[in-house]
Amino acid sequence: MESNKKMDSLAGINKQRVILVTYLIAAMDITWLFLQFSITPYLAKRLGFDTLWFGYLQTTVGIIQLLGGPIFGRFADLFGAQAALSVSCMASVVYFVLLAMADSTAMLFIHKLPAVFMHVLPGTQMVVADLTEPEKRADALAKLGLCFGIGMITGSTLGGTLSTRYGEGYAACTAVVGSFISLLLVLKFIPKHTKAQIAQDQNNKNRSIFNLGDITRLMKYPGVAKTFIVKITSGLPSGIFQVMFSVIAINFFQLQPEQNGYLMAYFGVMQMVMQGAVIGRMTARYSEKTLLLLSVGVSSLVGLAQALMANVFQFSLIVIPMMFSLSMFNVITDSMLTKSIPSSDTGTMMGLCASVQSLMRTVGPTIGGLLYENYGVSSFGYIQCAVNAAVFLFLFKDRRTQRVITRK
């Protein structure tokens, strides 16, 4: 009886409206995330943090979200999109309230604790994956990436402007209000369940959120483990650079908060162009394996360019291919992974994908801090170039091998 009600609820919803509201929720969440990115480095510096201590702060967030990501995904699969997104939005409210109150080193660490539940983006990815056909999924996820660009622009600009004119506390309070509005949108428009009846019945057989076996078994599906390893290996060097960018902006580029906000907004514009005008068309024309190979190759060249850059103008030119490779890589790997598993496990898979980003934020600050202090900014670029070149050769060789096997 319960399964029939879930199926009837799913059949009766306006999927297009739910997806549009999901995009809005994602854009708002990313807005507050980048608002926080634009104010935390300056708040940390004012409280006496050096590069290494700021790295420890970032590592703390990474560990917290690394632990929470897969569990959140499992929770979303079992109890539905509305419950999962509601928990995430409430955690965001608490997170930003604590940030507004942060006036000491201890408080700056304490305010990161609610991040264990803050997984709005993988939650929205699950909703989009559940409500779209497999052949349209890459394009739908790319549009979700477009929301990421909008949030990056709005959040970076808003955070830099508000913190410069009114202080970090005022900017954090703005994020509190925005996160509460997101919670209201979730309760009003997101259905309790976005999966088909079969998926719900399968999940109800074992309702343990902390079942590690049910989470890790996804790696046994064909192609999942290989794609996941590529996602981690290729993404780690660029992830380290992204984690350390706020430090690079302050110390290497000598940017003020408002200038840093404008640069981050420029990132957002480039991502919007890539997600809205480029990726969707390319996914319709080329295979996902071809696009994955292309994104990894471009990332290697971007790393070399980063190693040779000397000023912010040169970096602004590098941003164009950088955003192309990052956007394409994330969309394609997410699409490939969700297609390789049953629809009942899309939330868990999105949680695992989010954990990849959390892993980068966990090891990235420590590795990045050591590299920056000992070898300078150029070391990030050389490592990215070498690692992605190796991944490119692996993917290219693997693709040729598969073609030979297919012909035989």
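The values are calculated or read from the model by the stated rules, or taken from the named source; none is laboratory data. Values in this document were obtained by computation on a predicted structure and should not be read as measured data. Positions of Cβ are backbone-derived with ideal geometry, glycine not excepted, and every protein chain shown enters the neighbour counts. Just the protein is used for accessible areas: all its heavy atoms, side chains included, with ligands, DNA and RNA removed. Shrake-Rupley method; radii C 1.70, N 1.55, O 1.52, S 1.80 Å.
Condition check ((1) farther than 25 Å from Tyr42 by Cα; (2) touching a Lys or Arg at 6+ places or on another chain (Cβ under 6 Å); (3) open to solvent by 30 Å² or more (accessible area, probe 1.4 Å)) across all residues:
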position	(1), (2), (3)
Ile250	no, no, no
Leu255	no, no, no
Gly261	no, no, no
Val269	no, no, yes
Gly276	yes, no, yes
Arg285	yes, no, yes
Thr290	yes, no, yes
- Determine which single condition Ser238 fails, assuming it passes every other condition in (1) polar (S, T, N, Q); (2) at pLDDT below 80; (3) surrounded by 21 or more Cβ atoms within 10 Å (Cβ to Cβ). (2)
- Which residues, counting only those in the stretch 26-45, are out of contact with any Pro (no Cβ under 9 Å at 6 or more places or on another chain) and either within 15 Å of His111 (Cβ to Cβ) or free of Cβ contacts under 8 Å to residues at least 24 places away in the same chain (or both)? Trp32, Leu33, Leu35, Gln36, Phe37, Thr40, Leu43, Ala44
- Residue check: is Ile64 under 16 Å from Cys353 (Cα atoms), of a type in the set (Val, Ile, Thr), open to solvent by 30 Å² or more (accessible area, probe 1.4 Å) and at pLDDT below 85? no
- Message: Under 6 Å between Cβ atoms, which residue pairs at least 6 apart in sequence (or on different chains) link something in the stretch 222-248 that is more than 30 Å from Ser38 (Cβ to Cβ) and without any contact (Cβ under 8 Å) to a residue 60 or more places away in the chain with a partner that is in a helix (DSSP H, G or I) and open to solvent by 10 Å² or more (accessible area, probe 1.4 Å)?
- Response: Ala225/Met219
- Inside the stretch 73-90, can you point out the residues that are open to solvent by 10 Å² or more (accessible area, probe 1.4 Å) and touching a helix residue (DSSP H, G or I) at 6+ places or on another chain (Cβ under 7 Å)? Phe75, Gln82, Ser86, Val87, Met90
- Query: Looking at the stretch 337-352, which of the residues that are of a type outside the set (Val, Ile, Thr) and surrounded by fewer than 22 Cβ atoms within 10 Å (Cβ to Cβ) is farthest from Ala138 (Cα to Cα)?
  - Reply: Ser344
- Query: Of the residues Ser378, Ser358, Ser316, Ser327, which single one is over 14 Å from Val230 (Cβ atoms), surrounded by 19 or more Cβ atoms within 10 Å (Cβ to Cβ) and modelled with pLDDT of 85 or more?
  - Reply: Ser327
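Residues are listed down the side, and each one gets a yes or a no for (1) within 30 Å of Asp345 (Cβ to Cβ); (2) surrounded by fewer than 23 Cβ atoms within 10 Å (Cβ to Cβ):
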site: Leu98; (1), (2): no, yes
site: Asp103; (1), (2): no, yes
site: Val116; (1), (2): yes, yes
site: Leu131; (1), (2): yes, yes
site: Pro134; (1), (2): yes, yes
site: Gly149; (1), (2): yes, no
site: Ser163; (1), (2): no, no
site: Leu185; (1), (2): yes, yes
- Message: Looking at the structure I just gave you, is Gly303 under 27 Å from Tyr42 (Cβ atoms), of a type in the set (Gly, Ala, Ser) and in a helix (DSSP H, G or I)?
- Response: no
- Message: Yes or no: the stretch 244-266 includes at least one residue that is small (Gly, Ala, Ser) and out of contact with any helix residue (DSSP H, G or I) (no Cβ under 6 Å at 6 or more places or on another chain).
- Response: no
- Of all residues in the stretch 93-112, count the ones that are in a helix (DSSP H, G or I), at pLDDT below 90 and under 19 Å from the mean Cα position of the chain (by Cα). 0
- Query: What number goes with the only condition from (1) open to solvent by 10 Å² or more (accessible area, probe 1.4 Å); (2) in a helix (DSSP H, G or I); (3) in contact with a helix residue (DSSP H, G or I) (Cβ under 9 Å, 6 or more places away or on another chain) that Ser295 does not pass?
  - Reply: (1)
